[in-house]
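To start, the structure under review is shown below, and the notes come after it.
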Amino acid sequence: MPKPLATFTSQYSSASRQLFKFSNDIVADQRNALLKVASWILRDAKKFAPVRTGGLRRSGRIQKISKMEIAVAFGGKGTGVDYAPFVEFGRSPGRAPPASEMQSWANATTGSAGNAYILARAIAMRGVKPQPYLRPALLKNKTAVIKVANANITKSWNKAASKTRGGKLR
């Protein structure tokens, strides 16, 4: 009487292990696909980024946020490039940026860090036009992202299916 229950439990454990391994394989394959696509987006964003000192391009990187979350980022803490969002999206007239943050840009633009206050006032009065670089890179690679994701799901399924009694996904 206990024999069928023991057989069911061992079959269930085996199936559970296979399913767990299958899900780990899919996660690994999808993560590799995400890294591949993110590298294409980063490459194109660096090409599209405007260059004055090269700092914006150098600050571009791929950030691994979690197992299945990857970001292409520019600027941010520790990069010395706090202006990346203002280049991408622009800045409407209004509040002036701090002159202390404008000194390196003022030096590169006018040859004198002392002009930072003047540039900050001009930005406050006129704003800054956007110079998108990240969004165009994403749009350029949009179809590739979808193709790579679909191809990797199919590849993962076929790899798992070939190890079981199942067939292949078409």
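The values are calculated or read from the model by the stated rules, or taken from the named source; none is laboratory data. Fair warning: this is a prediction, and the values are worked out from it, not measured in the lab. Cβ placement follows ideal geometry from the backbone for every residue including glycine, while neighbour counts extend to all protein chains displayed. Heads up: the accessible areas ignore ligands, DNA and RNA and are worked out on the full protein's heavy atoms, side chains in. Shrake-Rupley method; radii C 1.70, N 1.55, O 1.52, S 1.80 Å.
Quick one: in the range 125-151, of everything that is of a type in the set (A, V, I, L, M, F, W, C) and exposed (fewer than 13 other Cβ atoms within 10 Å of the Cβ), which residue is farthest from residue 93 (Cα to Cα)?
151
If you scan the range 113-134, which residues turn out to be in a helix (DSSP H, G or I) and of a type in the set (S, T, N, Q)?
Answer for the range 113-134, where residues must be in a helix (DSSP H, G or I) and of a type in the set (S, T, N, Q): just 115.
Please go through the range 26-79 and give me each residue that is closer than 30 Å to residue 103 by Cβ, aromatic (Phe, Trp, Tyr) and open to solvent by 50 Å² or more (accessible area, probe 1.4 Å), ordered by number.
Within the range 26-79, 48 is the sole residue that qualifies.
Is one or more of the residues making up the range 33-41 out of contact with any Gly (no Cβ under 7 Å at 6 or more places or on another chain), at pLDDT below 90 and hydroxyl-bearing (Ser, Thr, Tyr)?
Within the range 33-41, none of the residues are out of contact with any Gly (no Cβ under 7 Å at 6 or more places or on another chain), at pLDDT below 90 and hydroxyl-bearing (Ser, Thr, Tyr).
Look at the range 51-68 and say how many of its residues are farther than 13 Å from residue 134 by Cβ and in a loop (DSSP other than H, G, I, E, B).
6
With respect to the numbered conditions (1) modelled with pLDDT under 90; (2) within 20 Å of the chain's Cα centre (by Cα), which one is the sole condition not fulfilled by residue 135?
(1)
Any residue that is in a helix (DSSP H, G or I) and either under 29 Å from the mean Cα position of the chain (by Cα) or without any contact (Cβ under 8 Å) to a residue 24 or more places away in the chain (or both) - is there at least one of those in the range 69-77? Please lay out each step first, then the result.
Going residue by residue through the range 69-77, those that are in a helix (DSSP H, G or I) are none.
Checked the range 69-77: no residue is in a helix (DSSP H, G or I) and either under 29 Å from the mean Cα position of the chain (by Cα) or without any contact (Cβ under 8 Å) to a residue 24 or more places away in the chain (or both).
If I ask for residues that are loosely packed, with under 15 Cβ neighbours inside 10 Å and assigned to a helix (DSSP H, G or I), which ones from the range 86-112 would you list?
89, 100, 101, 108, 109, 110
Look at residue 118 and say whether it is open to solvent by 90 Å² or more (accessible area, probe 1.4 Å) and of a type in the set (A, V, I, L, M).
For residue 118, the condition - open to solvent by 90 Å² or more (accessible area, probe 1.4 Å) and of a type in the set (A, V, I, L, M) - is met.
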